[in-house]
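First comes the structure, then the notes that go with it.
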Amino acid sequence: RIFEDAQKAANGEETEEKKETRKKKSTKKAEPLIAVEKATLGDIEELAALKNQLDADEKK
């Protein structure tokens, strides 16, 4: 059996097992991604301002 597999590999033929694996991989659908909220520049600016405010409060 191993000899046959080696011979097929040398000839460029695929084994049934490899064909099935390839079919499964190609038919696999991409799973939908979880919706992620994107940060906007306004959100980032608000967080930076809040950080500055907290830092100023700590210094007092």
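Tabulated values for the structure
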{"item": "Candidates I34, I44 - the one that is at pLDDT 70 or above, out of contact with any Phe, Trp or Tyr (no Cβ under 9 Å at 6 or more places or on another chain) and part of a helix (DSSP H, G or I)", "result": "I44"}
{"item": "Identity of the residue in segment 13-31, in a loop (DSSP other than H, G, I, E, B) and of a type in the set (D, E), that ends up modelled with the highest pLDDT", "result": "E31"}
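The values are calculated or read from the model by the stated rules, or taken from the named source; none is laboratory data. Keep in mind that what you see is a predicted model, and the values were worked out from it rather than measured. Note: ideal-geometry Cβ built from the backbone for every residue, glycine included; neighbour counts use all protein chains shown.
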